[in-house]
Structures are given as structure tokens and as C-alpha cells.
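The next block holds one structure in the form of C-alpha cells; read it before the comments.
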Amino acid sequence: MRIVSLLPSATEIICGLGLRDSLVGVTHECDYPADVLGLPVVTMSRIPKGLSSAEIDAMVNSQLETDSALYSLKTDVLDALAPDLIVTQALCDVCAVSADEVNAITCQLPGEVEVVNLEPTCLNDVLDTVLLVGNAASCTEVAHQYHAGLKRRVEAVAARSATIAKENRPRVAILEWIDPLFDSGHWYPELIQLAGGTPCFGDRHGPSRRRNWSDLLAAAPEVLLVALCGFNLHRTVQDLPLLTNQPDYVMLPAAQTGQVYAVDGNRYFSRPGPGLVDSLEILANLLHPNTHPLPGGLAPAMCVSNEEWS
């Protein structure tokens, strides 16, 4: 089988299923596991490098308003790869090539090509995408074992969090973007609850929403986690002054108690794949370190001190 992944989370799933040797093409954003970096790249971004967060947001809004694509497929590369299976998504046009473009181009490829669309909006949906990809790739038994292992880890966190009293569950806000402010939806509120916190924002299963500073102040988060969509930790650190230099930043309870943190939002939290279980374990350890030990191989969230970033 020849598989092309059009989504970083799908690439992680495919490799987790032991199908790395069947993976023949990936996106320009696929970087995990590391050995996929040498594979042919079948997508490209129309967002120029070096833009600020505000400029990226403005360009995204402009493209979406005009129904213009943010990403495009390298049709010549895709055609040469002759895939049997393409794994993509139809949840968010900001995150990947649009499903309509994929379907249109697939019809022009030689042979029969199966297209699997992943559209998870909650943690269980994310875990079930493992089964969906496994079924399409004819490795159902392996997929069920992989799914069961991820599920056990989630249940272990939930069981430990069940021992935490309601009054000890801090109000938690996770920011998906800083300039402008965006909260986090879909699976984020569920992750916060499973980790032993109380979500300040977010509609379960719903998309993230733009917020202003009055919203953040009214939410009064006791823990604030910055997990910027598509940004690694280095880029996130560059953007942190956009948050910490705001005059009202010091009014946030989380800032007053030193409970503001940053993580690699590109590797964790924003990718709806197996890495969300890692994200849950990182968040649980952050909120309740005595209850949730950090598993080996995972880096803790970085603490953002007022002194360092003001």
C-alpha cells in the first residue's frame, strides 16, 4: 500500500500503526516522527514566512473571506507518488488543504484512490481516528491495540483526577493565539477537565473563539497556558511579550501567582492525534504535579515569570 498523509496528526497515526514504510508522501508541516522529514512533500503554504501573529491572522481572515486556499497540493508530486490511500481532514481549512481540493484532484489520479477524512472534535473522536485509519490501511487488529493503549493512558489520568476535590480544581485558560487573543475549543475543555482543572473558555466540540482582554480578565484564570496553534516553543517564546507586556496582564490571577506557562503548541495540544494523550499528561502534571507524575520522555510546560517577560 502507498499512503499519502495530508495532516501531521495523520502522519503520527500512520507511523504509530507501524506503517512508516507504506508512507510515501507528507505535508510541509509533518515533522513527527523525525524520520518522515525525508519523504516527498506534497503540499505548500501560501502564507509567507516571517509574518507576525497579527499579520498571519489578517491573511487567514482575508483568504477565508474570499474562499481562497491557504494551502495547495503539488499535483505533479502527488501524481508521481501514485497513492492508494490519502488521509486528510475536513474539519478546518486553516489547518490543512481543503477537503474539496483533495477530492477534486483525487478524481484525476490514476487508479482507485481511497480518501479518508478525519474530522475529530473531541478526545474520543481523536482516538477513534486511529481505528478509522487502521481500517482503511487493512491493519484493524494493530489499530485496536494502539487505540486501547491510548485509551488506557487517558483513563489513568481521569482516575487520578477523580480524587481531586472540586475546590482544588483551578480555573484554566488555554490560549491558541495571542495577537489577537483566541481561546481554545474542540478537545481543549475536555483535556482541562480530565487533567483536574475547570475550563474558563471553550465550547466542548466547538471551535476556538476570538477574545478580547476584558473576556480574559473576567474569566480570571488561575492557570494560563499558552499553546499557540502551529508554533513551536521557540516561536511561542518570541510572541510571549505580546501577552506579558499588556497593561492588564498583571491583573490576571495566573500572572500574580506565577502560574503562566508555555508549551510547544505545534507538537502538542493543537494536533488532533496520539500526541493529545501526551498533551493531557503534560497538562495534568502542570495542574497537579503530586497527583500526576510526568511520564518519561515528556518535557514539562515552561513557566513564564513576570520578571523574565515583562
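Odds and ends about this structure:
- Close amide-amide hydrogen proximity is noted between Leu225 and Ala173, Ile174, Leu175, Tyr261, each under 5 Å apart and 5 or more residues distant or on a separate chain (H modeled in the peptide plane; Pro and chain starts excluded).
- Applying the Karplus relation 6.51 cos²θ - 1.76 cosθ + 1.60 with θ = phi - 60° to the range 193-199 yields 3J(HN,Hα) values of 5, 4, 7, x, x, 10, x Hz, where x marks Gly and Pro.
- Rg in Å to one decimal, and Dmax rounded to a whole Å, for the range 238-294 via C-alpha atoms: 13.7, 38
- Remark: the range 73-87, residue by residue, has Karplus-estimated 3J(HN,Hα) of 8, 7, 4, 5, 5, 4, 4, 5, 6, 6, x, 8, 9, 10, 10 Hz, where x stands for each Gly or Pro and the curve is 6.51 cos²θ - 1.76 cosθ + 1.60 at θ = phi - 60°.
- Kirkwood-type hydrodynamic radius, the range 51-188: 18.4 Å, calculated from all non-identical alpha-carbon pairs.
- Selection of trypsin sites (Lys or Arg not before Pro), the range 163-254, meeting DSSP coil and at most 13 other Cβ within 10 Å: none
- Cα pair distances exceeding 27 angstrom across the range 169-309, given as percent: 10
- Leu181 long-range amide H proximity, modeled H, under 5 Å: Arg211
- Proximity of backbone amide H atoms, modeled 1.01 Å from N, is registered between Thr43 and His28, Lys74 at under 5 Å, excluding neighbours fewer than 5 places apart on the same chain.
- Taking every DSSP bridge with both residues inside the range 169-309, close to 35 percent are antiparallel.
- Kirkwood Rh in Å, taken over the chain so that all alpha-carbon pairs contribute: 20.2
- Bridgeable lysines around Lys49 (alpha carbons under 21 Å apart, same-chain partners fewer than 8 residues away excluded): Lys74.
- Beta bridges assigned by DSSP with both partners in the chain are antiparallel in approximately 30 percent of cases.
- Measuring how big the range 3-120 is from its alpha-carbon positions, Rg and Dmax come out at 14.3, 43 Å.
- Along the range 163-173 the Karplus relation, 6.51 cos²θ - 1.76 cosθ + 1.60 evaluated at θ = phi - 60°, assigns HN-Hα couplings of 7, 8, 5, 4, 6, 9, 9, x, 6, 10, 10 Hz to successive residues, with x for each Gly and Pro.
Every number in this text was worked out from the coordinates using simple rules, so none of it is lab data. Everything quoted here is computed from the prediction, not taken from an experiment. Neighbour counts are summed over all protein chains in view; Cβ atoms, including those assigned to glycine, are modelled from backbone coordinates with ideal geometry.
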